[in-house]
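Single-structure report; data block below.
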Amino acid sequence: MGFPVHPNNPPTFTDFFRFTPEVDTARGYANELYRLDTRGWGQRIAQPARDHVQPGVAYWIGCARAPAYFSALHVTPSGGAVDFGTLLVRQDLTIKNAHPTNTLIAWVRQRASESPPATGEYPELAGPVPLSYLSKNASNRWEWSDFPATGLSRALAPGEEWPLRLGVRRQDFVPYTPHGTNGAAYQSILEVTDAGESLMNRVPVLAQKHAALLGSPLDQHDDNEGLWVGQATVNRINAPAYTGTNLLSTPAPISFRLLLHVDAYGQTHLLQQVVLAWDPTLATPPHTNGTYALYADEHALPTDATDVSRISSAAFPLMPPVGLAGSFTNALAGTVTVRFDDPTNPFLHRYHPMHDNQDWDFQAYTNAVETRTIVRDIALIFSAVTNASANPYYGAESVRGSYQETLSGLRAQVICLKGGFALQRISRINELRGTTP
């Protein structure tokens with residue numbers, strides 16, 4: 001497989017193995033160092049102090065045991081490559097100076113990947129991998145930054161390790177439609193070199209969209225599918241004597257939970273509650289003994305469901321999922337109606353004769369006589385991804401924006417509320433079961 005040397009200034013065999021005790025280059029003609037010629041025969045390297053290690057050349061090296069490190073610049077990606085697959089957002093790369101005495105300046109640069117061979121079942125090259133890296137800023141706080149075009153560098157003391165935390169900005173994938181049946185992948189190369197350009201390690205970087213997102217007809221998926229949970233915080237409201245455009249700051253903000261579910265087709269629903277449970281009845285391929293499922297109504301759970309967890313929001317009435325118009329990460333709007341006879345209606349009192357919405361014979365009215373129907377028009381306006389483009393989680397696993405709500409029926413004038421919201425994706429299950437309460 002060759003050795004990690006740089007073509008600009010490759011070291012000699014003696015320099016390369018100087019601090020590798022498992023390889024002895026001082027045995028003269030008895031050195032067990034060979035290169036392969038065009039016939040595949042071994043040619044002894046008799047002068048290792050003069051001959052340079054060449055990149056892309058196969059060598060046969062005799063050693064007492066497997067070396068701990070192949071060179072002073074040791075690179076360890078998790079899993080052998082920086083592979084984000086279709087779901088991961090972060091991967092780590094460890095760079096170590098294995099030199100026992102000298103400080104080493106390591107450089108990491110992102111390079112373009114070559115196109116795959118025309119034959120074979122290789123995914124097509126969809127484009128480069130948009131990378132970010134996590135580091136501490138001047139205030140000693142962790143923050144994400146775009147991977148610089150000029151690369152990153154760091155001086156490493158003898159034996160020091162550099163944990164490089166990398167993230168993929170999936171929202172920055174360039175659009176690509178595969179031309180064949182092998183799918184496509186976003187691919188790059190990370191070149192890790194020393195300042196003297198003597199050593200070089202190449203690390204493949206890979207990220208993919210789900211096959212369905214690249215046009216596969218076998219399955220349906222949306223980029224934002226799954227369950228999103230977070231908070232809405234209201235801090236502005238109109239006074240009774242003012243219109244909706246004149247909002248005043250509240251003495252203190254009020255927060256409440258938001259639950260949104262996005263299905264495989266991108267349709268978003270606002271939920272009052274959701275239940276996550278292991279359902280053993282869903283034993284269909286690829287699941288053989290059950291799987292986790294999401295339920296909008298806890299009464300729809302099978303009797304033998306296990307590992308049950310419920311998340312709910314007290315800010316909304318018991319209601320079926322409310323469909324929201326618009327698109328996730330852009331803007332969503334919907335209406336929540338609190339009927340005059342809803343148990344959560346603040347005007348309804350079960351025992352007060354003037355607020356139970358019943359006649360003198362205790363028969364319930366079929367319309368709003370003693371109570372009012374409350375209508376809540378809700379709008380979620382998502383912040384542009386460019387506001388936090390370096391953070392690979394934003395737009396992929398977390399979103400935020402402005403929250404707006406207009407209430408009618410609670411008082412004579414319409415109530416207008418504004419604030420912000422933040423959501424985190426906690427599940428990628430795109431099917432919501434038990435939607436009928």
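Applied to the range 165-180, the Karplus parametrisation 6.51 cos²θ - 1.76 cosθ + 1.60 on θ = phi - 60° returns per-residue 3J(HN,Hα) values of 9, 10, x, 9, 8, 5, 5, 9, 4, 6, x, 8, 10, x, 9, x Hz, with x for Gly and Pro. Among the trypsin sites (Lys or Arg not before Pro) in the range 10-46, those located in a DSSP loop and surrounded by at most 11 other Cβ atoms within 10 Å of their own Cβ are 27, 39.
Add -39500 (n - 2.57) for each DSSP H run of 4 or more in the chain, then divide by its residues: what number comes out at 222 nm, to the nearest 500 deg cm²/dmol?
Details: 1 runs with 4 residues, N = 437.
After summing the helix terms and dividing by residue count, I get 0 deg cm²/dmol.
Pairs of C-alpha atoms in the range 233-340 farther apart than 17 Å represent 68 percent of all such pairs. Listed from fewest to most Cβ neighbours within 10 Å, the set 83, 194, 297, 37 follows the order 37, 83, 297, 194. Distances between every pair of Cα atoms in the range 59-185, grouped in 5 Å steps from 0 to the bin holding the largest one, split as 2, 8, 14, 18, 17, 14, 11, 8, 5, 2, 0 percent.
Projected onto their three principal axes, the Cα atoms of the range 1-71 cover extents of 30, 28, 22 Å, largest first. Paramagnetic label reach from residue 137 (point 7 Å along Cα→Cβ; backbone nitrogen cut-off under 17 Å): within the range 170-201, no residues.
Quick one: if the Förster radius is 25 Å, what FRET efficiency do residue 381 and residue 250 give, using the C-beta to C-beta distance and rounding to 0.05? It would help to have the intermediate numbers written out before the result.
Values: r = 19 Å, r/R0 = 0.78.
Here the calculated transfer efficiency is 0.80.
Rounded to whole numbers, the Karplus 3J(HN,Hα) couplings from phi for the range 86-92 are 9, 10, 5, 10, 10, 9, 10 Hz, using 6.51 cos²θ - 1.76 cosθ + 1.60 with θ = phi - 60°, and x at Gly and Pro. For the chain, DSSP calls about 95 percent of its internal beta bridges antiparallel. Considering the zone a paramagnetic label at residue 327 would reach in this model (a point 7 Å from Cα along the Cα-to-Cβ line), which residues of the range 406-437 have amide N under 14 Å from it? Taking a point 7 Å out along Cα→Cβ of residue 327, no residue of the range 406-437 has its backbone N under 14 Å. Annotation: the chain has a Kirkwood hydrodynamic radius of 27.0 angstrom, from the mean reciprocal C-alpha pair distance.
Bear in mind these aren't lab numbers, they're just calculated from the coordinates by the rules spelled out. This structure is a prediction, so every number in the text was calculated from the model and none was measured. Reconstructed Cβ throughout: ideal geometry from the backbone, glycine too, with neighbour counts over all protein chains shown.
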